[in-house]
Amino acid sequence: MTEIINVIDQGASPAAQPANSYYERHIFFCLNERKSGEACCAQFNAQAAFDRCKIQIKAAGLSGPGKVRVNKAGCLDRCAAGPVAVVYPEAVWYSFVDLEDIDEIVESHLKNGKVVERLLTPETSGR
C-alpha cells in the first residue's frame, strides 16, 4: 500500500496507466443491503455518498473516458469498515463517515491524485 501512495504522491499521470485503461480512475461504492439485518454499507448512508460523488465528479468536469468513473457495487466484503469505497487502478480503500469525506476524496484523490490517508480503510478490516 505504501508503494501505491508514494507513486500517487509523486504525481503519477494518466500516462502511467495501462495502455488499455478506459478510465484514469474508477471508484466503486459498496451499496450492498443485507436483508438478514447484518451490518452493511447501505445502513450507513452509502447511497447518498455515491450520489454526492457522482455529482461532484460531473460538476468538476472529471467524468467520462480518460477521466473518472463512479460506480455502484454489491458487497465488497469489507463490511466491518463500512461504508467503503475503492479507487482503481491504485486499489486504495476508503472508509467514510459523511458527505464532507466524499468531497475530500474527490478533490484530493480523484482530481489531484493524492490519497486521503486519514480515510484509508484499515488493512485488517474485512467482513
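The values are calculated or read from the model by the stated rules, or taken from the named source; none is laboratory data. Everything numeric in this text was worked out from a predicted model, so none of it was measured. Don't worry about glycine lacking a Cβ; one is built from the backbone with ideal geometry, like all the others, and counts go over all protein chains shown.
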Residues satisfying the stated conditions in region 35-54, i.e. at pLDDT below 95 and touching an Asp or Glu at 6+ places or on another chain (Cβ under 9 Å): C40, C41, A42, Q43, N45
Residues within region 38-56 that are over 16 Å from D103 (Cβ atoms), under 14 Å from the mean Cα position of the chain (by Cα) and surrounded by fewer than 21 Cβ atoms within 10 Å (Cβ to Cβ), tallied: 1
Index of the failed condition, K35 passing every other in (1) under 15 Å from L119 (Cβ atoms); (2) of a type in the set (K, R); (3) surrounded by fewer than 20 Cβ atoms within 10 Å (Cβ to Cβ): (1)
Every pair of residues 6+ apart whose Cβ atoms lie under 7 Å, when the first sits in region 111-127 and is more than 16 Å from C30 (Cα to Cα) and modelled with pLDDT of 90 or more while the second is surrounded by fewer than 11 Cβ atoms within 10 Å (Cβ to Cβ) and not hydroxyl-bearing (S, T, Y): G113/G11
Qualifying residue in region 96-108 (condition: touching a helix residue (DSSP H, G or I) at 6+ places or on another chain (Cβ under 9 Å), in a helix (DSSP H, G or I) and among the aromatic types (F, W, Y)): no
Lone qualifier among N112, N71, N45 - being touching a Phe, Trp or Tyr at 6+ places or on another chain (Cβ under 8 Å) and polar (S, T, N, Q): N71
Residue count, region 46-100 (criterion: without any contact (Cβ under 8 Å) to a residue 40 or more places away in the chain and touching a strand residue (DSSP E or B) at 6+ places or on another chain (Cβ under 9 Å)): 9
Verdict on A49 being in contact with a helix residue (DSSP H, G or I) (Cβ under 8 Å, 6 or more places away or on another chain) and under 16 Å from F28 (Cβ atoms): yes
Flag if F96 is within 18 Å of G126 (Cβ to Cβ), of a type in the set (F, W, Y) and crowded, with 19+ Cβ neighbours inside 10 Å: yes
Top-ranked residue of region 99-127 - restricted to ones that are under 17 Å from C53 (Cβ atoms) and of a type in the set (D, E), ranked as surrounded by the most Cβ atoms within 10 Å (Cβ to Cβ): D101
Those residues of region 78-127 which are farther than 19 Å from Q47 by Cβ and in contact with a Gly (Cβ under 7 Å, 6 or more places away or on another chain), in sequence order: A80, G113
